[in-house]
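Right, one structure below, let's go through it.
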Amino acid sequence: ELLERMCKEHAVEYDMVFKGCNVATMKRGSETPYGMVEDAVIGIREGKIAFVGGAQGEEGKRIVECSSNVKDLGGALVTPGLIDCHTHVIYGGDRSLEWEMKLAGASYEEVAKAGGGIINTVSNTRAATVDDLFEGGRKRVAAILSEGVTTMEIKSGYGLEYEAERKMLLAAAKVQKEFKVKVEKTFLGAHAVPNEYKGRSGEYMDTCVEMLQKLREEGLVDCCDCFTESIGFSVEETEKLFGRAKEMGVKIRLHGDQLNNYGCGELTKKFKCLSIDHCEYSGEKAIKAMAEGGQVAVLLPASNYFIKETKLPEVGMMRDMGVDIAVATNCNPGSGPCCSILLVLNMACTRFGMTPEEALRGVTVNAAKALGKEDEIGSVEVGKAADLCVWDAQRPSELSYYMGLNLLKECYVDGCKRE
Ligand code: NIG
């Protein structure tokens, strides 16, 4: 009777309520590991999380009693929807022949002579239509989403000319339209110097600045990225691009320290980049700069594995200095055609020495930060999007423990179930 009266007095309308679940909220600063709330209730209203708390608390009890659409999850684990914050999932052709050649001992030059390497993907991408690119990426996107990814970043960077970069970004936009997933579109025109600009990387960078401007005006760019490396672009060239991106209010990220220690830490700090990605060769100076500048270190263990890199990122130093670490698939045709975020969690632990909790932070709250979207997604907190995964698991560490076992039961984007 008392409850009935309370329900009437404080009529709270939730579109949906979950009960009977343990929630790894991944909230920053939580007192419990994983921000865990056991025997929890989650209230969803207008696609957002409107309540999360224990079922035994007064509010939790009232919500369950007063709501009509209550779903019992039977003791399942709930996490935030996963975020794959670094992918090149849209591209033309594939490079399995090149992989076979490399395994048989072919050198970089031999692969390039046989038409392999990044330029091979560039010709296939230039020859493709937007639909070809979307259809080619469909199976990879579907595989990544099947493991609970609710937001993914997709980069351009295999067109290296305006029309082809535009096609890639349009195909990325189509992914968001056709699948139930949020897509963050990143312009990576400065991924490699195309053949027609061979030996003239500075001039090509001017073209990248023009492309960025146009594509941003067309609403196709959320973020700008650059491959700053001995075989990519110099620090000075990168500064030119980032200077313009900053003026335009475009978010900035950087592919850095993948093959050499190239001074990327200072650069990212200077331009207030959201993240520096790869980081195998980031040393003390770079890591200190990231810690001071608040950049996320995005680590890509599947590529480290695929190219048999022996240098591992300095995870211990990052941890000690308080750098936030994210992990991602880096799904791409050359250095790692990885379509499994759960396998990445496992590799983050086995290869990079991260804890299961750090790995899960890497695909939730820290990945959200790397995309500049931490106030919207990445944790189960009131006011954030109701992007949620329901797992057939008792403990969050099961997600990084298994290899090749998908424990996902249900996935929600903005409170709507993905079928
Ligand atoms: O993230 N570092 C640059 N780009 C990709 C690989 C590019 C390719 O070989 O196609 C990477 O590893």
Checking Ala104 against (1) more than 11 Å from the ligand (Cβ to nearest atom); (2) buried (at least 18 other Cβ atoms within 10 Å of the Cβ), the condition it does not meet:
(2)
For the structure I just gave you, tell me whether Glu165 is at pLDDT 95 or above, more than 30 Å from Lys311 (Cβ to Cβ) and within 16 Å of the ligand (Cβ to nearest atom).
yes
Kindly list, by first and then second residue, each pair from a residue in the range 267-279 that is of a type in the set (Ser, Thr, Tyr) to a residue that is within 16 Å of the ligand (Cβ to nearest atom) and assigned to a helix (DSSP H, G or I), limited to pairs with Cβ atoms under 9 Å and residues at least 6 apart or on different chains.
Ser275/Thr268; Ser275/Ala370
Determine which single condition Val175 fails, assuming it passes every other condition in (1) closer than 27 Å to Leu345 by Cα; (2) within 14 Å of the ligand (Cβ to nearest atom).
(2)
Can you report the number of residues in the range 311-332 which are within 16 Å of the ligand (Cβ to nearest atom) and surrounded by fewer than 24 Cβ atoms within 10 Å (Cβ to Cβ)?
2
Set Thr87, Thr121, Thr125: member being of a type in the set (Val, Ile, Thr), touching a residue at least 60 places away in the same chain (Cβ under 8 Å) and touching a Gly at 6+ places or on another chain (Cβ under 9 Å)
Thr121
Matching option when the condition is modelled with pLDDT under 95 and on the phi > 0 side of the Ramachandran plot, among Gly232, Gly199
Gly199
Can you give me the ranges of the strands (runs of 3 or more DSSP E) entirely in the range 238-336 with at least 1 residues that are basic (Lys, Arg)?
251-256
Single condition Ser234 does not satisfy, out of (1) more than 14 Å from the ligand (Cβ to nearest atom); (2) free of Cβ contacts under 8 Å to residues at least 24 places away in the same chain
(2)
Is there a residue being in a loop (DSSP other than H, G, I, E, B) and either closer than 22 Å to Ile341 by Cα or not small (Gly, Ala, Ser) (or both) anywhere in the range 118-132?
yes
With respect to Ser340, is the statement that it is closer than 21 Å to Tyr91 by Cα, more than 16 Å from the ligand (Cβ to nearest atom) and either assigned by TED's automatic domain parsing to the domain that holds Glu153 or crowded, with 24+ Cβ neighbours inside 10 Å (or both) true?
yes
I need the strands (runs of 3 or more DSSP E) fully contained in the range 1-115, keeping only those with at least 1 residues that are modelled with pLDDT of 95 or more and within 30 Å of Cys226 (Cβ to Cβ).
70-80, 82-84
Is it the case that Ala190 is surrounded by fewer than 24 Cβ atoms within 10 Å (Cβ to Cβ) and touching a residue at least 12 places away in the same chain (Cβ under 8 Å)?
no
On the given criteria, is Leu188 at negative phi, within 15 Å of the ligand (Cβ to nearest atom) and at pLDDT 95 or above?
yes
So Gly93 clears everything in (1) closer than 19 Å to Leu408 by Cβ; (2) within 13 Å of the ligand (Cβ to nearest atom) except one condition, right? Which one?
(1)
Quick check on my filter: what residues within the range 134-184 are in a loop (DSSP other than H, G, I, E, B), out of contact with any Lys or Arg (no Cβ under 9 Å at 6 or more places or on another chain) and over 25 Å from Ala386 (Cα atoms)?
Gly157
Would you confirm, using the coordinates I've provided, whether Glu239 is in contact (Cβ under 8 Å) with a residue 12 or more places away in the chain and within 15 Å of the ligand (Cβ to nearest atom)?
no
Could you list, in sequence order, the residues of the range 276-308 that are within 13 Å of the ligand (Cβ to nearest atom), surrounded by 19 or more Cβ atoms within 10 Å (Cβ to Cβ) and not β-branched (Val, Ile, Thr)?
Asp277, His278, Cys279, Glu280, Tyr281, Leu299, Leu300, Pro301, Ala302, Ser303, Asn304
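The values are calculated or read from the model by the stated rules, or taken from the named source; none is laboratory data. Bear in mind the structure is a predicted one, so any value in this text is a computation, not a measurement. Because the Cβ atoms are built from the backbone with ideal geometry, glycine has one as well, and the counts that use them run over all protein chains shown.
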